[in-house]
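The values are calculated or read from the model by the stated rules, or taken from the named source; none is laboratory data. Keep in mind the model is a prediction, meaning the values are calculated, not measured. Methodologically, a virtual Cβ is constructed for each residue, glycine included, from the backbone with ideal geometry; neighbour enumeration extends over all protein chains shown.
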């Protein structure tokens, strides 16, 4: 029975690898998601980062003893290594909790400092596959980042809940006049600065980094100042450094309206959330245009397995 299941997993991997690697080559992408819980018996998320592989096992009740689980994992990794022609030394394994949103993304889980740079759409980003639960680049927003870049020329751009600043890099690459990168985490802001410098964006007059409780920061934003704001908050957060806890369903309308106040007339907000059951409170939002761009921003490697929403709102 186990052999049969392993064979199913192998066949599935062969099939998706053949299909998705072809598309990745055509788009000249070295970072993409290959597999995400495609088979219930193999609850992995598998992503390519150049020559290296990120493999996360979703935590669940598997009913195996520790020994049985180790054996199952060993067999699974053998198949992954063989089918994808990746040396086991280049496979980084993580255990993820199945929680909504990007909860826990800021926790440090190791101290190995295994950092390297990857290229996406001609821009470089530092990836760390050993020290944190997430890698440093959310692959599902590849298209959204490109959209921001294409609208950034001569614009003032604000990136909120910025994580490692990938949207900031794209905005700077699109010749934005000003890019402000804001996040609560000092670690991730420093990472964002490194990403900006890596791409040659190191002018402090144009590019600034703000360590702040974004919920409070939203209330202090200057009115009619920004042309583009990107806001991709966690679904829920109760960090000790925050004055209040964030619940995206409850708080999003107020947060969106704070952004609208700070945008110039005709300014754009890209708002995204990973909350699976999210419902946008359109009645409470003060915007002239509200467009659901979830489908339009879904990359080829996330089709049918993307659990986030993305909106385009105009003041």
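Here is how the numbers come out for the structure above:
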{"item": "Any hit, region 78-92, residues being part of a strand (DSSP E or B), at pLDDT below 95 and closer than 25 Å to residue 132 by Cβ", "result": "yes"}
{"item": "Filtered residue count, region 257-293, keeping only those that are under 15 Å from residue 307 (Cβ atoms) and surrounded by 14 or more Cβ atoms within 10 Å (Cβ to Cβ)", "result": "5"}
{"item": "Scope region 294-311; condition surrounded by fewer than 21 Cβ atoms within 10 Å (Cβ to Cβ) and in contact with a helix residue (DSSP H, G or I) (Cβ under 8 Å, 6 or more places away or on another chain); matching residues", "result": "296, 298, 299, 300, 302, 306"}
{"item": "Selection from region 93-111 of residues that are modelled with pLDDT of 55 or more and loosely packed, with under 14 Cβ neighbours inside 10 Å", "result": "95, 97"}
{"item": "Residue satisfying condition, being in a helix (DSSP H, G or I), modelled with pLDDT of 95 or more, out of contact with any helix residue (DSSP H, G or I) (no Cβ under 8 Å at 6 or more places or on another chain) and at negative phi, within set 143, 127", "result": "143"}
{"item": "Some residue of region 182-194 being part of a loop (DSSP other than H, G, I, E, B), in contact with a strand residue (DSSP E or B) (Cβ under 6 Å, 6 or more places away or on another chain) and not assigned by TED's automatic domain parsing to the domain that holds residue 89", "result": "no"}
{"item": "Region 172-185: number of residues that are surrounded by fewer than 19 Cβ atoms within 10 Å (Cβ to Cβ) and modelled with pLDDT under 95", "result": "1"}
{"item": "Output for region 146-155, where each listed residue is buried (at least 19 other Cβ atoms within 10 Å of the Cβ) and in contact with a strand residue (DSSP E or B) (Cβ under 8 Å, 6 or more places away or on another chain)", "result": "147, 148, 152, 155"}
{"item": "Subset of region 200-217 (residues that are touching a helix residue (DSSP H, G or I) at 6+ places or on another chain (Cβ under 7 Å) and crowded, with 18+ Cβ neighbours inside 10 Å)", "result": "201, 207, 209"}
